[in-house]
Amino acid sequence: MKSRMKFLSVIMLALVLVLSACGNGSAESDYPSKNVEIVAPATPGGGWDATARALQNVLDEEGLVEQNMNVVNKPGGGGEVGWQYLKGKDSHSLSINSSLVIANNLLGQSDLTYEDFTPLAVLATEWISVAVPSDSDIEDGVDMLERLKEDPKSLKIAVGPALGNNDHLSFVRVADEYGVDVSQLEFMIYESGGDVLTALLGGHVDVATLSISESLEQHLSGNLDIIATTADEPIPEDESIESWQDQGIDFTFPHWRGIMGPPDMTEEEIAYWDETFSEMVESEEWQKVLDNNGWQDYYMNSEETKAFLDEQNEMYEDLMKTAGLTE
Amino acid sequence: MKRLLDVSLETKINGILIGVMSLIIISLSVFYLYHSGSEYYDNARRLTLQSAKTISFMPSLVDGDDLSDNEKIQTLTNQYIFENDIDFVIVKNKEGTIMSHPDPEMIGTHEPFSNDARANIFGAYYTEETDKYIEPAILAIAPIYAGDEAKQLSGVVKVGYFESKIIERIMVKLSQLSFIVVVFIILSFFISRWFGKYIKSETLGYEPKEITMILKNRENIFSALDEGIIGADLSGRIIYLNGAARKYLDIPESADWNACNIRNHLGHDMDSVLQDSAPGIRYFETQLNDKEIIVIINDLYIKGELSGHVVILRDMTEMSELSNKLTIVESLFDDLRAQSHEYKNRLHLISGLLEMEKYTAIREVLNDEIDNLDSYQNNLHGIREDRVKALLIAKMNTAQEKRVNFRVDEESRMEEISDKVTINALITIISNLIDNAFDAVAGRKSSEIEFYTGWFDGWLEIAVKDNGSGISDTDEVFRKGYSTKNDSPGRGYGLYNVNNNVELLGGYIDVHSREGRTIFTAEIPMAQERGEDDEDPYS
């Protein structure tokens with residue numbers, strides 16, 4: 001009996017050694033060993049889809065990934081469908097993500113949390129703007145907040161496509177911090193960013209919160225005024241646009257996009273992507289992509305991303321639990 | 001702890017069995033209860049959240065861009081409560097005015113947003129536990145949207161499910177479970193009682209401590225015995241062995257007796273004894289390590305079936321030595337008695353002659369007596385071994401009493417013998433041979449016995465010659481129980497003993513019977529003495 005146990009343990013040990021040796025070897029030299037799949041959890045044409053395809057192009061053209069890469073669209077549930085799909089895949093599938101991976105769970109839209117995945121990188125961000133029609137008598141951001149503080153129902157605010165997205169959250173947050181009774185704010189919810197713009201230009205609403213990439217063109221052509229942004233730097237196209245910081249409110253809010261992998265990726269696989277993405281964000285091709293989409297470089301490697309997500313999660317949780325309860 | 005363990009075996013078994021069984025049953029129940037409890041909570045959460053969503057999406061809940069009027073909402077919610085397993089529904093508009101409430105008085109009052117703000121501001125769907133309404137309940141909160149083209153948050157709906165209902169269901173489960181638990185514990189009680197009794201019956205009612213004590217005592221008693229005791233199974237494998245047996249069989253302390261087979265030590269004799277004789281107590285004599293051992297074999301029965309043998313080894317060496325000494329002392333005593341009788345006769349004779357004043361005759365008698373004494377001395381001159389000498393003198397006296405002419409050959413030689421075993425054996429041989437000769441010549445006229453002992457080249461020769469009745473069957477004489485006089489039991493051991501002792505010393509014995517003369521001749525090697533003599537033949 002005793003000798004049998006000894007024998008077994010020797011076999012086990014040998015097995016472990018062989019297996020671990022195999023694991024090391026394959027991860028270092030072979031990964032990725034087959035086609036890489038990039039999941040865009042949205043329909044073709046949206047922001048996530050654009051990010052995924054830009055990523056595919058740059059990595060391919062720069063020759064950073066030797067294996068073929070495919071973009072797979074899995075629309076639905078504000079990312080939920082794509083991310084559920086990713087959860088069951090191996091480390092050759094990656095997915096584009098954004099703050100929704102945190103917010104969906106807090107809003108009761110999803111059982112998934114960001115901790116169910118392996119964060120790989122934050123790639124880019126865009127900033128969020130608050131815009132008013134050009135003929136509006138609202139002078140700037142602070143003026144708007146003052147009015148809302150006096151009467152939260154005095155202004156109709158357009159947002160899309162759903163409450164709880166970054167456009168909405170950033171507005172609530174800044175208003176909440178300024179002392180506005182955010183529970184009484186009149187948000188009009190439109191199907192898409194385009195509809196928000198139309199409603200603003202058509203005078204159906206007084207204020208709209210939307211990303212700069214969506215509002216900048218109309219701002220430059222003079223159809224509307226951007227009265228505040230969540231940026232921490234000047235907007236290159238029009239440096240006169242004031243951020244909340246410029247108006248004396250210490251508030252920034254990135255609308256970031258990143259990329260993550262399925263749960264339980266090995267350290268070697270994570271290191272591979274760290275190297276790949278850090279090279280990619282240095283490339284000129286990627287700069288062009290950023291410029292074309294009005295995105296800012298916001299690169300963080302896997303470790304920084306993990307910390308960033310923890311921090312964001314705390315912020316969202318804090319925001320949703322305390323907003324409207326300050327009085 | 002030690003005092004706790006110091007209870008009877010039955011109590012211990014009962015305690016352990018009941019304890020373990022109860023522990024398993026109770027922990028399983030607790031686990032099951034906890035599991036179903038959290039399942040009830042999960043179900044309640046799912047149910048309330050689903051209900052809240054369903055209600056919030058009801059088209060008739062909203063009227064254009066705003067909520068419908070109170071009455072309509074109340075009808076709607078009451079119907080929903082009726083149709084579903086939920087306890088209450090609260091509808092609040094965006095301002096915080098209650099549109100529908102289980103307590104009609106609350107309708108129309110204002111309730112500031114607190115925990116429900118997350119739904120009201122961010123459009124979140126979630127559940128929480130609260131005791132804000134009526135009694136502790138699970139509360140699901142969902143936002144209500146109004147408007148077609150541009151949707152607008154216009155209120156929240158809250159659906160409650162009383163925790164007391166969950167607790168009630170858990171309680172029902174608990175009572176079912178406790179019934180089962182009690183039944184099983186009672187069952188385990190009986191099982192452990194039965195088991196305890198069973199164990200106790202297996203140990204014949206002894207506590208383990210007592211059994212240990214008995215075993216220890218048995219071991220001590222057995223090891224204190226001089227007799228060897230061996231337990232063996234039918235194949236001869238030794239299952240028990242005491243210290244004395246170990247010594248007799250020459251099995252070292254370190255050896256594992258289970259590997260020993262008794263047949264290796266007592267082989268043939270034992271087999272033949274076992275085959276030949278009827279079951280019961282059997283015995284035979286053998287020699288182990290130069291010792292004369294009587295082996296007694298008892299059958300060992302377990303549940304009426306023969307399962308082995310108990311072998312007792314009894315060392316007869318000392319006993320036979322003792323009996324030899326006793327024989328010599330006895331015969332000396334007899335001889336003394338004979339001598340004193342003889343002297344008394346002589347004294348009577350002298351006294352008679354004195355009476356008749358025949359002094360010359362007296363002198364003749366005395367001279368005769370003195371000659372007699374001298375002849376003893378002369379004939380025994382060559383015998384240096386005092387004990388043999390004493391024996392011979394005693395036998396001479398007996399012979400005189402029995403009117404037998406007993407003569408010791410003048411050429412007789414015997415050196416001193418230091419070895420006890422040898423001398424005892426020799427005395428047995430000589431004494432028995434002479435006694436045998438006395439028996440043979442008994443009742444004859446002019447009976448003669450001649451004794452001779454010689455010492456040649458390391459061999460001791462003993463010869464006893466008589467003119468007695470003779471022996472017809474020279475092979476049979478040494479058999480145990482053989483006797484020419486079959487009239488009394490307990491006879492016939494003399495020559496058998498002689499033969500045994502001769503074999504013990506490694507010699508042999510011969511008997512010739514011809515023309516009324518019988519000679520017993522024993523040849524015995526005197527290894528020790530020869531060794532000393534021949535140690536250095538050239539010196």
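Once the stretch A:42-52 is narrowed to residues that are surrounded by 18 or more Cβ atoms within 10 Å (Cβ to Cβ) and touching a strand residue (DSSP E or B) at 6+ places or on another chain (Cβ under 6 Å), the residue that is modelled with the lowest pLDDT is A:Trp48. When B:Arg282 is tested against (1) under 30 Å from B:Asn497 (Cα atoms); (2) at pLDDT below 80, only condition (2) is not met. For the stretch B:322-370, a tally of residues being outside any helix (DSSP H, G or I) and within 30 Å of B:Asp226 (Cα to Cα) returns 0. If you take the residues of the stretch B:68-89 that are assigned to a helix (DSSP H, G or I) and β-branched (Val, Ile, Thr), which of them is most open to solvent (accessible area, probe 1.4 Å)? Restricting to residues being assigned to a helix (DSSP H, G or I) and β-branched (Val, Ile, Thr), the top hit is B:Thr75.
Report whether or not B:Leu288 is closer than 20 Å to B:Val421 by Cα, assigned by TED's automatic domain parsing to the domain that holds B:Gly494 and open to solvent by less than 90 Å² (accessible area, probe 1.4 Å). Taking the combined requirement at face value, the residue does not satisfy it.
Under the condition of being at the interface with chain B (Cβ under 10 Å from one of its Cβ atoms) and open to solvent by less than 20 Å² (accessible area, probe 1.4 Å), the residues counted in the stretch A:164-174 number 4. Of the residues making up the stretch B:254-285, those that are hydroxyl-bearing (Ser, Thr, Tyr) and farther than 13 Å from B:Ile297 by Cα number 1.
Any residue at all in the stretch B:128-150 that's in contact with an Asp or Glu (Cβ under 9 Å, 6 or more places away or on another chain), β-branched (Val, Ile, Thr), at positive phi and more than 14 Å from every other protein chain (Cβ to nearest Cβ)? Looking for residues that are in contact with an Asp or Glu (Cβ under 9 Å, 6 or more places away or on another chain), β-branched (Val, Ile, Thr), at positive phi and more than 14 Å from every other protein chain (Cβ to nearest Cβ), one finds at least one in the stretch B:128-150, hence yes. Checking each residue in the stretch B:96-127 for being among the small types (Gly, Ala, Ser), within 14 Å of chain A (Cβ to nearest Cβ) and part of a loop (DSSP other than H, G, I, E, B) picks out B:Gly96, B:Ser114, B:Gly123, B:Ala124. Can you tell me which residue is farthest from the chain's Cα centre (by Cα) among those in the stretch B:170-199 that are closer than 28 Å to B:Glu135 by Cβ and surrounded by 15 or more Cβ atoms within 10 Å (Cβ to Cβ)? The extreme case among them is B:Ile170. Residues that are under 24 Å from B:Gly96 (Cα atoms), more than 14 Å from chain B (Cβ to nearest Cβ) and assigned to a loop (DSSP other than H, G, I, E, B): does the stretch A:180-192 have at least one? Taking every residue of the stretch A:180-192 in turn, none turns out to be under 24 Å from B:Gly96 (Cα atoms), more than 14 Å from chain B (Cβ to nearest Cβ) and assigned to a loop (DSSP other than H, G, I, E, B). Would you mind stating whether B:Met356 is open to solvent by 30 Å² or more (accessible area, probe 1.4 Å) and of a type outside the set (D, E, K, R)? Yes, satisfied. For first residues located in the stretch A:145-158 and away from chain B (no Cβ under 14 Å), partners that are surrounded by fewer than 15 Cβ atoms within 10 Å (Cβ to Cβ) and lie 6+ apart or on another chain with Cβ distances below 7 Å form the pairs A:Arg147/A:Ser154; A:Lys149/A:Gly179. A:Ala228 - would you say it is in contact with a strand residue (DSSP E or B) (Cβ under 9 Å, 6 or more places away or on another chain), in a strand (DSSP E or B), within 14 Å of chain B (Cβ to nearest Cβ) and crowded, with 22+ Cβ neighbours inside 10 Å? Against the criterion (in contact with a strand residue (DSSP E or B) (Cβ under 9 Å, 6 or more places away or on another chain), in a strand (DSSP E or B), within 14 Å of chain B (Cβ to nearest Cβ) and crowded, with 22+ Cβ neighbours inside 10 Å), A:Ala228 does not qualify. Consider the stretch B:50-67 and keep the residues that are within 14 Å of B:Gly160 (Cβ to Cβ) and crowded, with 21+ Cβ neighbours inside 10 Å. The one that is nearest to the other protein chains (Cβ to nearest Cβ) is B:Ala52.
Take the conditions out of contact with any Pro (no Cβ under 9 Å at 6 or more places or on another chain), modelled with pLDDT under 80 and either farther than 19 Å from B:Leu391 by Cα or surrounded by 14 or more Cβ atoms within 10 Å (Cβ to Cβ) (or both) and apply them to B:Gly516. Does it pass? Considered against the rule, which asks whether it is out of contact with any Pro (no Cβ under 9 Å at 6 or more places or on another chain), modelled with pLDDT under 80 and either farther than 19 Å from B:Leu391 by Cα or surrounded by 14 or more Cβ atoms within 10 Å (Cβ to Cβ) (or both), B:Gly516 comes out as yes. Of all the numbered requirements in (1) among the hydrophobic types (A, V, I, L, M, F, W, C); (2) over 16 Å from A:Arg257 (Cα atoms); (3) more than 14 Å from chain B (Cβ to nearest Cβ); (4) in contact (Cβ under 8 Å) with a residue 60 or more places away in the chain, A:Val72 misses one, and that requirement is (4). The single residue among B:Leu153, B:Leu139, B:Leu174 that is in a strand (DSSP E or B), among the hydrophobic types (A, V, I, L, M, F, W, C) and under 19 Å from B:Asn43 (Cβ atoms) turns out to be B:Leu139. The residues on offer are B:Ile98, B:Ile121, B:Ile138, and the sole one that is in contact with a helix residue (DSSP H, G or I) (Cβ under 7 Å, 6 or more places away or on another chain), within 30 Å of B:Ile26 (Cβ to Cβ), modelled with pLDDT of 85 or more and open to solvent by less than 40 Å² (accessible area, probe 1.4 Å) is B:Ile138.
Residue-wise test of (1) open to solvent by 60 Å² or more (accessible area, probe 1.4 Å); (2) within 14 Å of another protein chain (Cβ to nearest Cβ); (3) touching a residue at least 24 places away in the same chain (Cβ under 8 Å).
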| position | (1), (2), (3) |
| --- | --- |
| A:Gly202 | no, yes, no |
| A:Glu237 | yes, no, no |
| A:Trp244 | no, no, yes |
| A:Arg257 | no, no, yes |
| A:Glu267 | yes, no, no |
| A:Trp273 | no, no, yes |
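Quick check on A:Val142: is it over 16 Å from A:Lys321 (Cα atoms) and buried (at least 24 other Cβ atoms within 10 Å of the Cβ)? Judged against the criteria, A:Val142 is not a match.
The set of residues in the stretch A:246-255 that are open to solvent by 10 Å² or more (accessible area, probe 1.4 Å) and among the hydrophobic types (A, V, I, L, M, F, W, C) contains only A:Ile249. Looking at B:His381, is it surrounded by fewer than 17 Cβ atoms within 10 Å (Cβ to Cβ), outside any helix (DSSP H, G or I) and not assigned by TED's automatic domain parsing to the domain that holds B:Ile281? It is true that B:His381 is surrounded by fewer than 17 Cβ atoms within 10 Å (Cβ to Cβ), outside any helix (DSSP H, G or I) and not assigned by TED's automatic domain parsing to the domain that holds B:Ile281.
Residues of the stretch A:149-162 that are crowded, with 24+ Cβ neighbours inside 10 Å and either over 19 Å from A:Thr252 (Cα atoms) or of a type in the set (Phe, Trp, Tyr) (or both): A:Ile157, A:Ala158, A:Gly160.
Candidates in the stretch A:277-327 are the residues that are within 14 Å of another protein chain (Cβ to nearest Cβ) and farther than 18 Å from A:Ile128 by Cβ; of these, the one that is most open to solvent (accessible area, probe 1.4 Å) is A:Glu327. Could you tell me whether any residue of the stretch A:119-139 is open to solvent by 10 Å² or more (accessible area, probe 1.4 Å), within 14 Å of chain B (Cβ to nearest Cβ) and over 20 Å from A:Glu217 (Cα atoms)? No: zero hits.
Among the residues examined, A:Ile212 does not qualify as free of Cβ contacts under 8 Å to residues at least 40 places away in the same chain and either on the phi < 0 side of the Ramachandran plot or not assigned by TED's automatic domain parsing to the domain that holds A:Gly141 (or both).
The values are calculated or read from the model by the stated rules, or taken from the named source; none is laboratory data. Values in this document were obtained by computation on a predicted structure and should not be read as measured data. Glycine also receives a Cβ, built like all others from the backbone with ideal geometry; neighbour counts cover every protein chain displayed. For accessibility, only protein heavy atoms count, side chains too; no ligands or nucleic acids. Shrake-Rupley method; radii C 1.70, N 1.55, O 1.52, S 1.80 Å.
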